[in-house]
1. Starting from the Cα coordinates of region 52-116, work out the convex hull volume and express it per residue in Å³.
2. Taking region 22-82, how much of its Cα-Cα pair set, in percent, is spaced more than 17 angstrom apart?
3. Compute the Cα gyration tensor for region 193-273, then decide on rounded, prolate or oblate, letting a ≥ b ≥ c be the square roots of its eigenvalues: rounded whenever a/c is under 1.5, prolate when a/b is larger than b/c in the other cases, and oblate in all that remain.
4. Give the shape of region 102-189 as rounded, prolate or oblate, defined through the alpha-carbon gyration tensor: a ≥ b ≥ c are the square roots of its eigenvalues, a/c under 1.5 means rounded, and otherwise the shape is prolate if a/b is larger than b/c and oblate if not.
5. Rounded to the nearest 500 deg cm²/dmol, what is the calculated helix-only ellipticity per residue at 222 nm for the chain, with -39500 (n - 2.57) per DSSP H run of length n ≥ 4?
6. Can you tell me which of Asp211, Asp243, Asp102 moves the most in a GNM of the chain? Springs connect C-alpha atoms under 10 Å apart.
7. Just want the ordering: Ser166, Ser212, Ser224, from fewest to most Cβ atoms lying within 10 Å of their own Cβ.
8. Using modelled backbone amide H atoms (1.01 Å from N, in-plane), which distant-in-sequence or interchain residues come within less than 5 Å of Ile234's amide H?
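Readers should treat all values here as calculations from the given coordinates under stated rules, not as data from a laboratory. It should be emphasised that the depicted structure is a prediction, and the values quoted were computed from it without experimental measurement. Note that we place each Cβ from the backbone using ideal geometry, even for glycine, and neighbour counts take in every protein chain shown.
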Amino acid sequence: MADKDPGSYVMGNTSEEADRLGMQASLYDRHTEYLLRTAGLKEGMHVLDVGCGTGEVSLCAARIVGPSGRVLGVDREPGVLARARDNAAASPFENIAFEQGDLADLDTSGSFDAVVGRLILIHLDDPIGTVKALTGLVRRGGVVTFQDFNISRTRAVPDVPLVTRSVEWICAALREGGRDPDMGERLAHVLRLSGLSDPRVAVAVPTGGPDSAAVTLIAESARSLLPVMERGGITTAEEADLDTLRARMSRACTEVQATVYVPELVAAWAELD
């Protein structure tokens, strides 16, 4: 999900969570690119992707800026950066580089046309301070943009109680871990408090049917958060029955021919005066 303090990332650092993140990235790929373009990324830009993880957002940015642009992805985790480099090597893009390091260690003032970050601010204890620091890396006239989720908006239409209950577990677990499940709706506020004027907002929402990746994402998110759920008394392994949760949700959605809306992906952005 992002560049994060391992102690603050409540969803764990397991191989299963890494697989879940890969599936999530695939589900949101087109939506991420749409929001980056809407925020003002364009051909020829030099872009910094903070908390780049395995590089999916970096690849989106590289597609937008083209061969005349450049993308630098930064993350503190060497394991995810290795996967990011593999992903980039398997892509047609040659305009991407990755570096390991903390955001606080970056010393490239005014070097970028845009700073982007997807699903990073939700995992930071001081998102305002982070945005302030990153703004200093952007040239005048450049763009600062972040994307994050509104997880409580996840739902099935018509309503499927098991989906609703699973989303409630996920949101409660994130709050138990000190994280805001609806960071997306706070992004514009964070940008304003960071000194950026007139931030704008756009939203994109993937959907799926009863047997889609949308259902899988909900079930696997609950799986990643089970330790937090149990510690917080939110639910138990027996009640959640995670090994059958996806199949049960799929059956329930099939019964009413539901459409599943996964978390809204919100982008907020501002141009530097």
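1. Details: hull volume 4.8 nm³, N = 65.
Output value, Cα hull per residue: 74 Å³.
2. On the way: 688 of 1830 pairs.
Tail of P(r) above 17 Å: 38 percent of Cα pairs.
3. Values: a/c = 4.37, a/b = 1.68, b/c = 2.61.
Judged from the Cα gyration tensor, region 193-273 comes out oblate (a/c at least 1.5, b/c at or above a/b).
4. Values: a/c = 4.01, a/b = 2.35, b/c = 1.70.
Cα axes put region 102-189 in the prolate bin.
5. Values: 10 runs with 116 residues, N = 273.
Mean residue ellipticity at 222 nm (helix-derived): -13000 deg cm²/dmol.
6. Of Asp211, Asp243, Asp102, the Gaussian network model singles out Asp243 as fluctuating most.
7. Working: Ser166 25, Ser212 17, Ser224 21.
By the 10 Å Cβ count, ascending, the order reads Ser212, Ser224, Ser166.
8. Result for Ile234 returns nothing.
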